[in-house]
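What follows is a single structure, written as structure tokens, with notes after it.
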Amino acid sequence: MTRKPIRFIDLPAQQERIKAKVDAAIQRVLSHGAYILGPEVGQFEAALSEFCGAKHSIGCSNGTDALTLCLMAKGLKPGQAVFCPSFTFAATAEVVAMLGATPYFVDIFEDTFNLDPASLKLAIAQAKKDGLSLAGVIAVDLFGQPADYEAIEPVVADEGMWLLCDAAQGFGATYRGRKLGTIGAMTATSFFPAKPLGAYGDGGAIFVDDDEVNAVIRSLLVHGQGTDKYDNVRIGMTGRLDTLQAAILIEKLAIFDDEIVARNRIARAYNDGLGDVATVPRVLDGCVSTWAQYTIRTRGKDRDTVVASLKDKGVPTAIYYPQPLHRQTAYKHFPVAGNGLPVSDRVAQDVFSLPMHAYLEADDQAYIIDSVREALAA
Ligand SMILES: *Cc1c(COP(=O)(O)O)cnc(C)c1O
């Protein structure tokens, strides 16, 4: 029997569901022609606020710029430290270094892959000793699960720092009744096509509560313009969200709640099918993940062998992340908490991610589960 190829993420299946609506939305933009900051951008921002409860939702060019704009709004500068995990996508720390400040790497929890507040406290004490000024913390909602904010918030508040949530993978998730977008001083997300809420190109958003920060970020994303458009009052960038992407995202956001439910059903089936042979991800009590990735650990089996055997069976996998940032060429000179980040190093050796999207069919998932069980038993 030849199987229909299994996709790691199935964007065509999603497109089939909403194609008529997306086609019509694109045609509306082509008809009115307001490609930059057209009406769909404001409509999408309003829909985002309605969805997550943020006071201000600001569309922007991508997730990396979303993070950068937040840091620029806080006036981040050289000599300041920003604490963030090392086990994350490069953009989390890249934006800090790009502004000349110091990313300070912190370890994570073994079972949630998210920031460990004990390691954060250690890093803070060291940074003070090293004479760095403490600016803020970027917590990452890795693989779609919110970081443990009740444990992180008091540490951040005690030091008078700001908290920026990198929800590039976690937008749509809930932490004990609070949706991402309403936690911390600022939240950044990405609409890169492969993220849980993805555009047909690049896109991102920022969520803030403070009116002043909202006004500054809206100025920064059009070159720092003031109330008089030809009087630029600060150094900014081109950071706008395209009208076309906003029009597409409006249609995708309309089905997002439904997709989050499907992703959680699929994650539960994976947990049930694999929990006895692999280390499966743990979701904190009272939290809902968006499952940007479904990531398991090999429990001592050689990962390369397992992944190669799955490839032979037609099961695509991915490794997020084979190297934590503090081991990478561009980042290895930045400081780390304690004598190293043992958990980040350890999980980077044995994690791999399985196909995860809202349209994964039950028989395909059963086949994936059987294949993973066989690969891990070999
Ligand atoms: C994808 C991602 C980003 C960057 O988003 P882009 O839209 O690709 O710039 C930042 N942080 C994390 C954790 C991500 O996964």
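Of all DSSP bridge pairs formed entirely within segment 11-253, close to 50 percent run antiparallel. Label positions at Glu50 and Thr305, each projected 7 Å from the Cα along the C-beta direction, are separated by 5.4 nm.
Go ahead and run the numbers for FRET between Ala24 and Arg176, Cβ-Cβ distance against an R0 of 41 Å, rounding to 0.05.
Values: r = 39 Å, r/R0 = 0.94.
So, using R0 = 41 Å, E works out to roughly 0.60.
Cβ-Cβ distance of Ala34 and Ile255, R₀ of 25 Å, FRET efficiency by 1/(1 + (r/R0)^6): the value works out to about 0.50. Amide H contacts under 5 Å for Ala318: Ser353, restricted to partners 5 or more places along the chain or on a different chain, H placed in the peptide plane at 1.01 Å from N. Based on alpha carbons, the Rg and Dmax found for segment 292-368 are 15.3, 47 Å. When a 1.4 Å probe is rolled over the protein heavy atoms, the share of accessible surface on segment 122-169 that falls to carbon and sulfur comes to 51 percent.
Applied to segment 263-280, the Karplus parametrisation 6.51 cos²θ - 1.76 cosθ + 1.60 on θ = phi - 60° returns per-residue 3J(HN,Hα) values of 4, 6, 5, 5, 4, 4, 5, 4, 4, 5, x, 10, x, 8, 10, 9, 7, 9 Hz, with x for Gly and Pro.
In this structure segment 283-378 gives 45 Å² per residue of accessible area when probed at 1.4 Å with all protein chains present. In terms of packing, defined here as the mean over residues of other Cβ atoms within 10 angstrom, the peptides 307-317, 170-180 line up highest first as 170-180, 307-317. Where q = 0.16, 0.24, 0.29 Å⁻¹, what log10 of I(q)/I(0) comes from the Debye formula for segment 284-328, counting one point per Cα? For the requested q values the scattering log ratios are -0.63, -1.00, -1.11.
Extents of segment 1-65, largest first, come to 52, 30, 23 Å (Cα atoms, principal axes, whole angstrom). Using θ = phi - 60° in the Karplus curve 6.51 cos²θ - 1.76 cosθ + 1.60, the 3J(HN,Hα) couplings for segment 106-119 round to 10, 7, 10, 7, 5, 9, 10, 6, 10, 3, 9, x, 5, 5 Hz; x is entered for Gly and Pro. So what is the relative contact order for the chain, in percent, with contacts set as C-alpha pairs under 8 Å and at least six apart? In percent, rounded to a whole number, it is 22.
Here's the picture: charge each Lys and Arg Cβ at +1 and each Asp and Glu Cβ at -1 in segment 244-320, and of Val261, Leu274, Ile250 the one pushed furthest to the positive end of that dipole is Leu274. Remark: the chain carries a charge dipole of roughly 500 debye about the Cα centre, counting +1 on each Lys and Arg Cβ and -1 on each Asp and Glu Cβ.
For Ala262 and Ala330, what is the calculated FRET efficiency with R₀ set at 30 Å and r taken between the beta-carbons, to the nearest 0.05? Efficiency, rounded to the nearest 0.05: 0.20. Taking 0.36 nm per residue of sequence separation and removing the Cα-Cα distance, the Asn232/Glu16 pair yields an extension gain of 73.3 nm.
Over the chain, dividing the summed -39,500 (n - 2.57) contributions of all DSSP H runs of at least 4 residues by the number of residues returns a 222 nm mean residue ellipticity of -13000 deg cm²/dmol. Return the carbon/sulfur percentage of the accessible area of segment 206-305, one whole number, probe 1.4 Å, all protein chains in place. Roughly 48 percent, rounded to a whole number. The phi-based Karplus calculation (6.51 cos²θ - 1.76 cosθ + 1.60; θ = phi - 60°) puts the 3J(HN,Hα) values of segment 286-303 at x, 10, 10, 8, 8, 6, 4, 9, 9, 10, 10, 10, 7, 6, x, 6, 5, 5 Hz, whole numbers, x for Gly and Pro. Roughly how far apart, in whole Å, are the Cα centres of segment 271-294 and segment 85-134? Between the Cα centre of segment 271-294 and that of segment 85-134, the gap is 25 Å. Normalised by 2.2 N^0.38 Å, where N is the number of residues, the C-alpha radius of gyration of segment 11-253 stands at 1.02. Our estimate of slack between Ala90 and Arg7, defined as 0.36 nm per intervening residue step minus the Cα-Cα distance, is 27.4 nm.
What does the highest-first list of 271-277, 131-137, 142-148, 238-244 look like by mean Cβ count within 10 Å?
Peptide ranking by packing, descending: 142-148, 238-244, 131-137, 271-277.
Could you tell me which of rounded, prolate or oblate describes segment 178-267, using a ≥ b ≥ c as the square roots of the eigenvalues of the alpha-carbon gyration tensor, with rounded for a/c under 1.5 and, failing that, prolate when a/b is larger than b/c and oblate otherwise? Prolate, because a/c is 1.5 or more and a/b exceeds b/c.
Over 24 Å between Cα atoms, which of Lys195/Lys313; Lys55/Lys252; Lys74/Lys229 qualify? Check vs 24 Å cut-off fails for Lys195/Lys313. Every pair of different Cα atoms in segment 38-152 enters the Kirkwood calculation, which places the hydrodynamic radius at 15.4 Å.
Distances between every pair of Cα atoms in segment 248-338, grouped in 5 Å steps from 0 to the bin holding the largest one, split as 2, 10, 14, 18, 16, 15, 13, 10, 2, 0 percent.
The values are calculated or read from the model by the stated rules, or taken from the named source; none is laboratory data. All values derive from a computational prediction rather than experimental measurement. Note that each Cβ is placed from the backbone with ideal geometry, even for glycine, and that neighbours are counted across all protein chains shown. Just the protein is used for accessible areas: all its heavy atoms, side chains included, with ligands, DNA and RNA removed. Shrake-Rupley method; radii C 1.70, N 1.55, O 1.52, S 1.80 Å.
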